[in-house]
Amino acid sequence: MRHLDTIENLTTVEIEELIDSASSFKSGRYANYSTKHVALMFFENSTRTRFSFECAINRLGAHPYIFDISKSSNQKGETIKDTINNLCAIGINTFVIRTKEEDLIDKLKQIDFYKPVHFINAGKGKSSHPTQALLDYFTMLEKIKTVKNKKVVIIGDIKHSRVAKSNIALLKKFGANIITTAPEYFKEDINGAFFEPDLKKALDGADVVMALRIQNERLDEAISKEDFIKNYSLNMENFPKNAILMHPGPVNRDVEISSELLDSKIGITILNQAENGVYIRMAVIDKILKGQLK
Amino acid sequence: MRHLDTIENLTTVEIEELIDSASSFKSGRYANYSTKHVALMFFENSTRTRFSFECAINRLGAHPYIFDISKSSNQKGETIKDTINNLCAIGINTFVIRTKEEDLIDKLKQIDFYKPVHFINAGKGKSSHPTQALLDYFTMLEKIKTVKNKKVVIIGDIKHSRVAKSNIALLKKFGANIITTAPEYFKEDINGAFFEPDLKKALDGADVVMALRIQNERLDEAISKEDFIKNYSLNMENFPKNAILMHPGPVNRDVEISSELLDSKIGITILNQAENGVYIRMAVIDKILKGQLK
Amino acid sequence: MRHLDTIENLTTVEIEELIDSASSFKSGRYANYSTKHVALMFFENSTRTRFSFECAINRLGAHPYIFDISKSSNQKGETIKDTINNLCAIGINTFVIRTKEEDLIDKLKQIDFYKPVHFINAGKGKSSHPTQALLDYFTMLEKIKTVKNKKVVIIGDIKHSRVAKSNIALLKKFGANIITTAPEYFKEDINGAFFEPDLKKALDGADVVMALRIQNERLDEAISKEDFIKNYSLNMENFPKNAILMHPGPVNRDVEISSELLDSKIGITILNQAENGVYIRMAVIDKILKGQLK
């Protein structure tokens with residue numbers, strides 16, 4: 001049984017192997033898993049991550065199964081253990097899961113299912129989103145070769161962001177100088193990152209600037225949208241020269257990033273991230289199906 | 001035009017051929033129906049039966065089409081005859097149908113469609129669920145070689161259960177000694193089965209014990225859940241030695257079967273049923289597409 | 001960047017090439033676009049057009065992606081430009097779009113996306129539905145060889161019908177004599193067609209009779225259903241000898257066309273239309289992916 005649960009569980013060697021594999025898929029490497037069946041269990045809505053995995057599965061020649069939670073037997077009160085046991089009996093052995101529950105995948109990993117199964121974390125709770133961190137790292141390497149001693153600034157809702165947590169977990173393994181910046185309400189101290197409340201100071205000399213998605217419903221409960229934009233929005237004026245701009249998407253235009261900056265050449269990296277995501281997900285599924293991930 | 005509507009319509013030879021075919025698919029037989037298109041029309045929610053058919057279709061190399069009733073032209077008042085005529089014109093010639101309506105498939109079979117079409121009953125009303133009975137029989141044969149003169153006990157909501165009806169129809173063709181047991185409200189006299197109200201007597205010397213799913217909403221209208229559990233729930237104490245335990249799933253844990261029994265080695269047969277279901281469905285679709293089923 | 005937006009944008013040579021290509025797919029021509037990914041973005045419900053495109057994509061060996069609007073990031077306030085940019089980064093480069101918005105595809109065509117993308121209009125607003133017009137023309141050619149100087153009568157809700165508009169745009173390119181007939185409320189003067197309020201006069205000597213779908217909710221606001229049926233419904237009595245009967249479907253039985261006429265041999269052409277639709281859509285996608293459509 002092999003899974004991708006968190007970045008923390010991966011060694012630097014495993015991460016490098018995944019990046020190399022993604023890179024070779026991007027260069028046209030071919031695979032044919034036509035006897036493999038992969039379920040997409042998204043307990044939270046998602047367009048981009050779901051389509052990215054679905055596309056990765058199709059490119060690998062495998063079969064995707066869209067598990068529509070609202071129509072499933074879970075409505076009939078079935079436990080998720082019984083659901084997965086049934087699906088693995090049917091022949092689906094890989095489960096891509098997005099969930100609000102922090103400990104769901106951990107619990108599932110402990111269970112001795114009817115047949116060996118693989119779990120891939122496609123975003124859980126506020127703590128981790130490993131394929132996003134991997135695709136972000138892949139994109140950084142394409143642009144700046146290495147993150148060692150490079151200044152990576154992460155901006156916005158650090159507290160609720162699984163993207164921030166997984167990126168920090170990965171970047172600190174590779175020796176990056178990680179700075180977080182956020183309004184007080186969105187602040188969280190994370191091991192390996194240094195907090196700087198002032199955006200201007202944080203951005204000074206940055207190599208990578210990663211804006212996080214702000215959930216609109218959180219903005220007005222904690223800080224006014226106007227205040228956030230005034231103090232933490234990226235634009236043509238405050239964006240550091242020669243840095244690369246990243247965002248997990250979807251961007252709230254003119255909130256995290258001005259439309260002008262987003263639509264400039266600088267904004268293109270955000271689409272490179274999306275493009276690279278498919279190759280990372282192909283690499284993860286490929287490695288899991290080969291039994292190479294612990 | 002060839003269909004799978006009910007067990008009653010199949011000869012024992014046809015059933016044996018389907019079991020042999022399923023068995024060879026389980027052993028790795030390959031098929032490639034890449035020019036075939038199969039619609040899944042589920043007018044009732046179902047996770048397991050739908051995914052089982054979807055997986056069977058993919059393994060056969062054919063293309064599944066998920067017909068989402070709530071978004072279809074049926075909402076625009078189109079008759080199902082016109083819908084199917086249109087879909088068969090498009091190139092979908094096999095229809096897997098789950099419906100509450102007892103006579104829908106019968107009616108459809110009478111219609112002269114634009115092109116030849118096949119109907120597969122994936123569960124209709126309270127009367128029949130032939131692929132379930134076939135996969136149950138396949139599983140019994142794997143475990144006990146033959147059902148002839150074997151004691152098969154079916155427990156629970158006999159009255160509303162299409163699983164019970166199709167199993168009895170099949171098992172009596174092959175000479176099983178069939179016993180049903182249920183509270184008065186769930187009782188129904190079915191030709192070929194003997195009713196025994198007392199669970200203990202029913203279970204005595206059983207070779208196969210099949211619990212049926214109880215719909216929770218039915219329990220409290222007819223009999224209290226506590227009374228049902230007290231008198232008809234299977235557990236480590238009352239389960240007969242050497243018998244095999246079956247259930248169509250999903251199980252209401254601690255209602256039809258205690259969690260302890262379900263999670264013991266004895267419970268594994270229920271997952272064997274699910275596993276065998278895919279191969280039975282492959283065999284049914286294969287036989288239908290070859291025009292071998294009447 | 002190449003699209004199929006409107007019939008008006010196609011030359012007669014391009015239309016003839018599409019018909020020839022559809023015809024060769026109908027005769028068994030094979031294609032394998034297994035590295036191509038096509039999104040179906042249906043902002044309005046549709047069974048037949050959606051399944052027709054999905055089936056065409058599968059037959060071409062490509063991968064369909066069903067974009068469920070209600071679950072997408074559009075709910076999170078993402079613009080459609082950003083959504084499509086993201087999807088084309090992922091590797092989906094062809095977008096089949098059905099929408100109420102008249103100018104959506106026009107706007108999308110102006111945008112410089114991250115990667116080259118193709119748009120296929122699967123029905124927009126009240127103005128155009130080019131694949132329907134192409135499949136209708138394909139069907140007419142099969143039946144009556146040419147439309148030049150042939151009388152084509154279009155009946156019903158001309159005003160709100162994109163089917164009517166695209167058919168007229170196409171038929172006038174090929175020299176048909178086009179007559180529209182409708183109650184006053186559904187009338188619209190369209191360049192290239194002659195309006196005749198009296199059904200009997202309109203039908204006199206017709207070669208092709210095309211009834212349009214009436215949306216029930218429109219009937220009682222504008223004209224009583226009884227009046228419409230009395231004056232504009234087609235039946236065994238008023239249907240012109242030797243004409244062919246067409247309808248885009250789904251038919252409101254006994255409103256636009258009597259059940260008796262629909263279920264007679266004359267009604268079969270409506271299913272020929274549906275059958276031909278798949279081949280037309282294969283031809284359109286094939287031509288677009290080859291970069292042959294402007």
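The values are calculated or read from the model by the stated rules, or taken from the named source; none is laboratory data. Note that the structure is predicted; figures quoted are calculated from it, not measured. Because the Cβ atoms are built from the backbone with ideal geometry, glycine has one as well, and the counts that use them run over all protein chains shown.
In region C:3-23, which residues are exposed (fewer than 15 other Cβ atoms within 10 Å of the Cβ) and among the hydroxyl-bearing types (Ser, Thr, Tyr)?
Of everything in region C:3-23, those that are exposed (fewer than 15 other Cβ atoms within 10 Å of the Cβ) and among the hydroxyl-bearing types (Ser, Thr, Tyr) turn out to be C:Thr11, C:Thr12.
Within the bounds of region B:195-217, is there any residue that is surrounded by 17 or more Cβ atoms within 10 Å (Cβ to Cβ), β-branched (Val, Ile, Thr), closer than 16 Å to B:Ser258 by Cβ and more than 14 Å from chain A (Cβ to nearest Cβ)?
Of the residues in region B:195-217, the ones surrounded by 17 or more Cβ atoms within 10 Å (Cβ to Cβ) are B:199, B:202-203, B:206-214.
Those still in the list that are β-branched (Val, Ile, Thr) too: B:208-209, B:214.
From the residues that got through so far, the ones that are closer than 16 Å to B:Ser258 by Cβ too are B:209, B:214.
Filter once more, so that each one left must be more than 14 Å from chain A (Cβ to nearest Cβ): B:209.
Checked against the condition, which is being surrounded by 17 or more Cβ atoms within 10 Å (Cβ to Cβ), β-branched (Val, Ile, Thr), closer than 16 Å to B:Ser258 by Cβ and more than 14 Å from chain A (Cβ to nearest Cβ), region B:195-217 yields at least one hit.
Say whether the condition of being part of a helix (DSSP H, G or I) and in contact with a helix residue (DSSP H, G or I) (Cβ under 7 Å, 6 or more places away or on another chain) is met by at least one residue in region B:62-75.
Within region B:62-75, the subset part of a helix (DSSP H, G or I) is B:69-71, B:73-75.
Next cut, in contact with a helix residue (DSSP H, G or I) (Cβ under 7 Å, 6 or more places away or on another chain) only: B:73-74.
Yes: region B:62-75 contains one or more residues that are part of a helix (DSSP H, G or I) and in contact with a helix residue (DSSP H, G or I) (Cβ under 7 Å, 6 or more places away or on another chain).
Name every residue in region B:105-125 that is more than 14 Å from chain C (Cβ to nearest Cβ) and either in a strand (DSSP E or B) or in contact (Cβ under 8 Å) with a residue 60 or more places away in the chain (or both), in order of residue number.
Answer for region B:105-125, where residues must be more than 14 Å from chain C (Cβ to nearest Cβ) and either in a strand (DSSP E or B) or in contact (Cβ under 8 Å) with a residue 60 or more places away in the chain (or both): B:Ile105, B:Asp106, B:Lys109, B:His118, B:Phe119, B:Ile120, B:Asn121, B:Ala122, B:Gly123, B:Lys124.
In region B:22-39, which residues are in contact (Cβ under 8 Å) with a residue 60 or more places away in the chain and within 14 Å of chain C (Cβ to nearest Cβ)?
Residues satisfying the conditions are B:Tyr33, B:Lys36, B:Val38.
Given (1) touching a Leu at 6+ places or on another chain (Cβ under 7 Å); (2) of a type outside the set (Gly, Ala, Ser); (3) within 13 Å of chain A (Cβ to nearest Cβ), identify the lone condition not met by C:Ile19.
(3)
Residues in region C:76-104 that are part of a strand (DSSP E or B) and either in contact with a helix residue (DSSP H, G or I) (Cβ under 7 Å, 6 or more places away or on another chain) or within 14 Å of chain A (Cβ to nearest Cβ) (or both): how many?
5
Residue check: is A:Thr47 at pLDDT below 95, crowded, with 21+ Cβ neighbours inside 10 Å and closer than 26 Å to B:Arg281 by Cβ?
No; evaluated as a whole, the condition is false for this residue.
Give the residues of region B:225-248 that are crowded, with 18+ Cβ neighbours inside 10 Å and within 14 Å of chain A (Cβ to nearest Cβ), sorted by residue number.
B:Met246, B:His247, B:Pro248
When residues of region A:126-141 are filtered for being aromatic (Phe, Trp, Tyr) and away from every other protein chain (no Cβ under 14 Å), how many remain?
The number of residues fulfilling the criteria is 1.
Would you pick out the residues in region B:135-189 that are of a type in the set (Lys, Arg), within 20 Å of B:Asn216 (Cβ to Cβ) and touching an Asp or Glu at 6+ places or on another chain (Cβ under 6 Å)?
Passing the criteria: only B:Lys159.
Confirm whether A:Thr131 is out of contact with any strand residue (DSSP E or B) (no Cβ under 6 Å at 6 or more places or on another chain), under 20 Å from A:Asp20 (Cβ atoms), surrounded by 15 or more Cβ atoms within 10 Å (Cβ to Cβ) and modelled with pLDDT of 95 or more.
Judged against the criteria, A:Thr131 is a match.
Residues in region C:1-41 that are closer than 22 Å to C:Ala89 by Cβ and touching a helix residue (DSSP H, G or I) at 6+ places or on another chain (Cβ under 7 Å): how many? Steps first, please.
Restricting attention to region C:1-41, the residues satisfying the condition of being closer than 22 Å to C:Ala89 by Cβ are C:1-3, C:33-41.
Then drop every residue that is not touching a helix residue (DSSP H, G or I) at 6+ places or on another chain (Cβ under 7 Å), which leaves C:2-3, C:33, C:36-40.
Residues in region C:1-41 being closer than 22 Å to C:Ala89 by Cβ and touching a helix residue (DSSP H, G or I) at 6+ places or on another chain (Cβ under 7 Å): 8 in total.
Identify the residue in region A:44-55 that is at the interface with chain C (Cβ under 9 Å from one of its Cβ atoms) and not in a loop (DSSP other than H, G, I, E, B) and, among all such residues, is nearest to A:Pro250 (Cα to Cα).
First, pick out the residues of region A:44-55 that are at the interface with chain C (Cβ under 9 Å from one of its Cβ atoms): A:45-48, A:50-52, A:54-55.
Within this subset, residues satisfying the condition of being not in a loop (DSSP other than H, G, I, E, B) are A:48, A:50-52, A:54-55.
On the way: A:Arg48: 8, A:Arg50: 13, A:Phe51: 14, A:Ser52: 14, A:Glu54: 18, A:Cys55: 18 Å.
So the residue we want is A:Arg48.
Quick check: anything in region A:278-291 basic (Lys, Arg) and at pLDDT below 95?
Quick first cut of region A:278-291, residues basic (Lys, Arg) only: A:281, A:287, A:290.
Restricting the remaining residues to those that are at pLDDT below 95 gives A:290.
Yes, region A:278-291 contains a residue that is basic (Lys, Arg) and at pLDDT below 95.
Which condition breaks for C:Lys124 when tested against (1) in the same structural domain as C:Glu44 (by TED's automatic domain parsing); (2) touching a helix residue (DSSP H, G or I) at 6+ places or on another chain (Cβ under 8 Å); (3) of a type in the set (Lys, Arg); (4) surrounded by fewer than 18 Cβ atoms within 10 Å (Cβ to Cβ)?
(4)
Conditions (1) surrounded by fewer than 20 Cβ atoms within 10 Å (Cβ to Cβ); (2) over 25 Å from C:Asn216 (Cα atoms), marked per residue:
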site: C:Pro250; (1), (2): no, no
site: C:Glu256; (1), (2): no, no
site: C:Leu262; (1), (2): no, no
site: C:Ile266; (1), (2): yes, no
site: C:Gln273; (1), (2): no, no
site: C:Met282; (1), (2): no, yes
site: C:Ile285; (1), (2): no, yes
site: C:Gly291; (1), (2): yes, yes
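In contact (Cβ under 8 Å) with a residue 60 or more places away in the chain and not small (Gly, Ala, Ser): which single residue out of C:Leu289, C:Leu245, C:Leu261 fits that description? Working first, answer last.
Working: C:Leu245 fails: in contact (Cβ under 8 Å) with a residue 60 or more places away in the chain; C:Leu261 fails: in contact (Cβ under 8 Å) with a residue 60 or more places away in the chain.
When all the criteria are applied, what remains is C:Leu289.
Consider region A:163-222. How many of its residues are aromatic (Phe, Trp, Tyr) and within 24 Å of A:Ile266 (Cβ to Cβ)?
Residues in region A:163-222 being aromatic (Phe, Trp, Tyr) and within 24 Å of A:Ile266 (Cβ to Cβ): 2 in total.
Tell me, which residue of region A:180-218 that is at pLDDT 95 or above and of a type in the set (Ser, Thr, Tyr) is nearest to the chain's Cα centre (by Cα)?
Applying the filter and picking the extreme gives A:Thr180.
For A:Thr6, indicate whether it is among the β-branched types (Val, Ile, Thr), touching a strand residue (DSSP E or B) at 6+ places or on another chain (Cβ under 6 Å) and away from every other protein chain (no Cβ under 14 Å).
yes
Which ones in region B:50-72 are surrounded by fewer than 18 Cβ atoms within 10 Å (Cβ to Cβ) and at pLDDT below 95? Working first, answer last.
In the first step, residues of region B:50-72 are kept if they are surrounded by fewer than 18 Cβ atoms within 10 Å (Cβ to Cβ); the result is B:61, B:66, B:68-71.
Of everything in region B:50-72, those that are surrounded by fewer than 18 Cβ atoms within 10 Å (Cβ to Cβ) and at pLDDT below 95 turn out to be B:Ile66, B:Asp68, B:Ile69, B:Ser70, B:Lys71.
Looking at B:Ile66, B:Ile144, can you tell me which residue is at the interface with chain C (Cβ under 9 Å from one of its Cβ atoms) and closer than 25 Å to A:Ala89 by Cβ?
Matching residue, one of B:Ile66, B:Ile144: B:Ile66.
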